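The values are calculated or read from the model by the stated rules, or taken from the named source; none is laboratory data. Given the structure is predicted, the values throughout are model-derived calculations rather than measurements. Quick reminder, even Gly has a Cβ in these numbers, built from the backbone with ideal geometry, and neighbours come from all protein chains shown.
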Amino acid sequence: MEYWWRYDDGPARSAGFASQQEAEDWLGTAWSDLRAEGVDAVTLLAGEDEVYGPMSLHPTD
């Protein structure tokens with residue numbers, strides 16, 4: 001099963017990942033670039049099923 005991030009604003013989605021861990025690791029390094037591109041929140045999907053989200057990419061105060 002392929003995991004991927006749906007962008008709630010901005011470009012439609014990320015590339016696919018072989019595992020949830022790979023997808024989460026990628027987001028850990030890419031979130032600030034996504035924010036700079038105008039993405040406000042993301043949702044993790046496994047195939048077409050939502051795993052969790054939406055998750056804000058804004059820093060907490």
Inset, instruction - Report yes if some residue within the range 8-23 is touching a residue at least 24 places away in the same chain (Cβ under 8 Å), of a type outside the set (S, T, N, Q) and in contact with a strand residue (DSSP E or B) (Cβ under 8 Å, 6 or more places away or on another chain); otherwise report no. - result: yes
Inset, instruction - Kindly check whether there is at least one residue in the range 25-40 that is modelled with pLDDT under 95, in contact with a Pro (Cβ under 8 Å, 6 or more places away or on another chain) and not charged (D, E, K, R). - result: yes
Legend entry - Answer residue from the range 14-61, given it is of a type in the set (Ser, Thr, Tyr) and either in a helix (DSSP H, G or I) or over 9 Å from the mean Cα position of the chain (by Cα) (or both) and is farthest from GLU2 (Cα to Cα) among those: THR60
